[in-house]
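Any read-out appearing in this document is the output of simple, stated calculations on the displayed coordinates, not a laboratory observation. Treat the numbers as computed from the prediction; the structure is a model and nothing was measured. Here the Cβ is made from the backbone with ideal geometry for all residues, glycine too, and neighbour counts use every protein chain on show.
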Amino acid sequence: SRVPQAFPLPSLPRKQPTVLVVCGPAQNGAIGLVCARHLRSFDYEPTIFYPKRSPDPLYRDFTTQCEKMDIPFLSYLPTEVSPASPPHSLPDSTEFIPPFSLPFPPRARSRLRWEPGDAMKSSGGCRGPASHRLWWDVPPGVTPSRCVPAGWDAEAGGSGGISPDVLVSLAAPKECARRFLGRQHFVAGRFLPYDVQKKFELNPPEYPGTECVVAL
Amino acid sequence: QEEAQAIDQELFTEYKFSVDQLMELAGLSCATAIAKAYPPSSFTTSQPAVLVVCGPGNNGGDGLVCARHLKMFGYLPTVYYPKRPSKPLFEGLTTQCEKMDIPFLPEFPTEAAFIDELYGLVVDAIFGFSFKGAVREPFGSILSTLERVTVPIASIDIPSGWDVEKGKADGLQPDMLISLTAPKKAATHFAGRYHFLGGRFVPPALQEKYALNLPAYPGTDCVLQLT
């Protein structure tokens, strides 16, 4: 069975170790669970929102592992956005967005830069160094045409939707990653065997030392 | 030894970790520790060739994972895996190595001198913390050959053939020990240059329950150098 290597980035600022991990219903969300567990062992304080849980036994075990690591699971996402709050009162948000539409009503997402409403708009409400967004991409072996950002087209990207600060492409960047405008783009694909890399002409960059992520 | 087994059991039954997950993290730790202590540039052989000797159980599985990551880190591992459990986990790990063009030797080098000539490092992934009793062939002869090897040996979790608590004064003397999860009692008898801790997956609650008193890992590293 597949064991995703989902080590989080070493570059996230440590001033404020609280992290919100929003997990979707499929594999992307499961990778989020693994990441949350590792963040916890790196002394971050993750909290998970996982509204639609997969029945897959592997993913259910990931959930148990997180629970037993004392990682809280939110029962709902707060609806209030507070742009007037000082940056230090907002948590760092690390989001793991499913590759398709949101699993819950858009109005519930307003804490994370959404405006309430059906359209997903990037409102830029949370400013300052306290907010960082990180996205996991879906590895090509599973759903090759999917891209992370809800509202983004897999190939064309999207002008609406979330604007993450950091993107972590798994295996290899997807077409839509060209539209990524945030601060840092990492690729995490060191586990790919050489013949797979060659077959799909992935041409990955050199990974430094024993690191499993490389900044692009 | 019992405590180590109890921790393992709890990780699987209470925490619902799969053997695959923990083995992958353990093997990655081993490869990472090796890369820190013996970078490819430090090898006296013309290529950074490594011989990975895998035993019949989970320690062997850790070795297979380690070999695969060593390949990705730029080493040239070769595996010797004489007794393979017919379980999907081990069959899968073997296939993963084969598909990474990691050769599997059909027989073990007969002389320690051959190993010294061909390889700059040997990874001992033969027996782990569950080892008890007499050493069965072919591992008896393998261990006697390894005891005469002069290139460094890195042992995974327990130097093979050692008593898990008391060690073995006339047994294998590895240059490196990678203790997984927590050092075992036998580690007090370890006299090599490098002792690393690996297997950064023990939940805080479990660390407390067993009073492991593990030192802090640096940053996001999956290994910690103890000596």
*Neighbour-count order for A:V213, A:V22, fewest beta carbons within 10 angstrom listed first*: A:V213, A:V22
*Note the per residue figure in Å³ for the convex hull of the C-alpha positions in chain B.*
121
*Which whole number gives the average count of other chain Cβ atoms within 10 Å of the Cβ atoms across peptide B:14-24?*
5
_Prolate/oblate/rounded call for the range B:38-155, Cα gyration tensor, a/c under 1.5 rounded_ = oblate
*Can you give the average number of partner chain beta-carbon atoms within 10 Å of each beta-carbon in peptide A:180-189, as a whole number?*
0
*asked:* With just the Cα atoms defining each centre, how far is the range A:162-185 from the range B:23-42? Give it in Å.
replied: 30
*DSSP loop (so not H, G, I, E, B), at most 14 other Cβ within 10 Å: list which GluC sites (Glu not before Pro) in the range B:1-92 pass both filters.*
B:E14
*What nm value, rounded to one decimal, do you get for the distance between B:K168 and A:T64 when each label is placed 7 Å out toward the C-beta?*
3.6
*Just the isolated ones, please: cysteines in chain B lacking another cysteine beta carbon under 4.7 angstrom.*
B:C54, B:C97, B:C222
_For a protection proxy built on the mean count of beta-carbon atoms within 10 angstrom, sort B:83-90, A:56-63, A:28-35 highest first, please._
A:28-35, A:56-63, B:83-90
*With a point put 7 Å past each Cα toward its Cβ, work out how far B:E137 is from B:F12 in nm, to one decimal.*
3.0
*B:A205 versus A:K199, label points 7 Å from Cα toward the beta carbon: distance in nm?*
4.1
*So if we plug the beta-carbon distance of B:A113 and B:S42 into 1/(1 + (r/R0)^6) with R0 = 25 Å, what FRET efficiency do we get, rounded to 0.05?*
0.75
*Other protein chain Cβ atoms within 10 Å, averaged over every residue that makes up A:31-43*: 2
